[in-house]
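Here is the structure we will look at, set down as structure tokens.
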Amino acid sequence: MIHSVYHLFCDLVVNKKHLTSTRKLTQFPFDKKILSCRNEGKFPDFAIRLNKDKSVYSGGELIELKDSSSSYTVSSFNSTIPTGEKNIGSLIEGKRNRIREQMEKAGDDILSFPLRQVYYLVRGKKGPKTKVGLVHGKFFETIRVPELISKSFFQALEEATEGADPQLFNELKEKIGKLLTNQETFSKVRTINKASVSLRFRIMTEVLAEGNILNTSKYPQIVDDSLNFFVPCHSPQEEKLQIERMKTAFEQRGQKELYGQLSKFTLQHLLNGPFLVFQFPLKSH
């Protein structure tokens, strides 16, 4: 059996009624056979199994759930900054690592495919209306994570040294700049001599309007009561490849008729180029 994020989207289409009826996205009946791990409450919420033949579908995608029960907003990212790809090695470290143990039990040769694509399953509700998107992380990562971290800290440093000698600020910026690019630097617990508490800095990421795929005024093509798949697409060749992957996934799941009901169009991200969108209605008319 072949596994991939495209096959996951097919499963979402087949079971679309649960996307409007379940109180929490975690209650959606995801097909356990396609998952290599499940890790609710910690990134990633689950991962898709790797395929032995990775020529068409690599599998192995990392999926994070983002659920908003009362508005068309993308819920905040706690601790993990959204990104389009992630090195799996950073997630399987440690002697008793639950992610690694689950993936090994599922039969994955984990390090045979180290760089994993990241997708976010986003749901927003506004009264009786619902929008759902399986979104590639590049939709949120419009600048690289190290640059985002460093520039944010530089803003704080500039505010803290306001009125000071500009040369002092530039010297501080140069000396600590390299330290302020790695999220892991701040996520570690720090224990200080004679302190009765430990300290860990936690990064929280909030999505601005330009990155909120559920925002009707910014992205009117994403209509109420729709299920959507978003993937970066910068050329006719990429578009052809993505369409073929989606079509084949539906055919492999025996859902050729449902594939014929998908709408396909290009969406221009306000900050990050074009995305190909596959759209399916959540409710029958």
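The values are calculated or read from the model by the stated rules, or taken from the named source; none is laboratory data. Quantities reported herein were computed from a predicted structural model and do not represent experimental measurements. Note that we place each Cβ from the backbone using ideal geometry, even for glycine, and neighbour counts take in every protein chain shown.
Here are the numbers for this structure:
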| quantity | calculated |
| --- | --- |
| Criterion: crowded, with 18+ Cβ neighbours inside 10 Å and of a type in the set (Lys, Arg) - qualifying residue of ARG98, ARG49 | ARG49 |
| Condition met for VAL189 (within 30 Å of LEU227 (Cα to Cα), out of contact with any strand residue (DSSP E or B) (no Cβ under 7 Å at 6 or more places or on another chain) and modelled with pLDDT under 95) | no |
| Pick from the range 239-285, criterion of a type in the set (D, E, K, R) and under 22 Å from the mean Cα position of the chain (by Cα), ranking: nearest to SER58 (Cα to Cα) | ARG245 |
| Yes/no for GLU251 being touching a helix residue (DSSP H, G or I) at 6+ places or on another chain (Cβ under 9 Å), surrounded by fewer than 13 Cβ atoms within 10 Å (Cβ to Cβ), part of a helix (DSSP H, G or I) and at pLDDT 95 or above | yes |
| Hey, THR26 over 17 Å from the mean Cα position of the chain (by Cα), free of Cβ contacts under 8 Å to residues at least 60 places away in the same chain and surrounded by fewer than 22 Cβ atoms within 10 Å (Cβ to Cβ) or not | no |
| From the options PRO146, PRO166, PRO128, residue that is surrounded by 12 or more Cβ atoms within 10 Å (Cβ to Cβ), at pLDDT below 95 and of a type outside the set (S, T, N, Q) | PRO146 |
| Test: GLU93 is surrounded by fewer than 12 Cβ atoms within 10 Å (Cβ to Cβ) and either in contact with an Asp or Glu (Cβ under 7 Å, 6 or more places away or on another chain) or acidic (Asp, Glu) (or both) | yes |
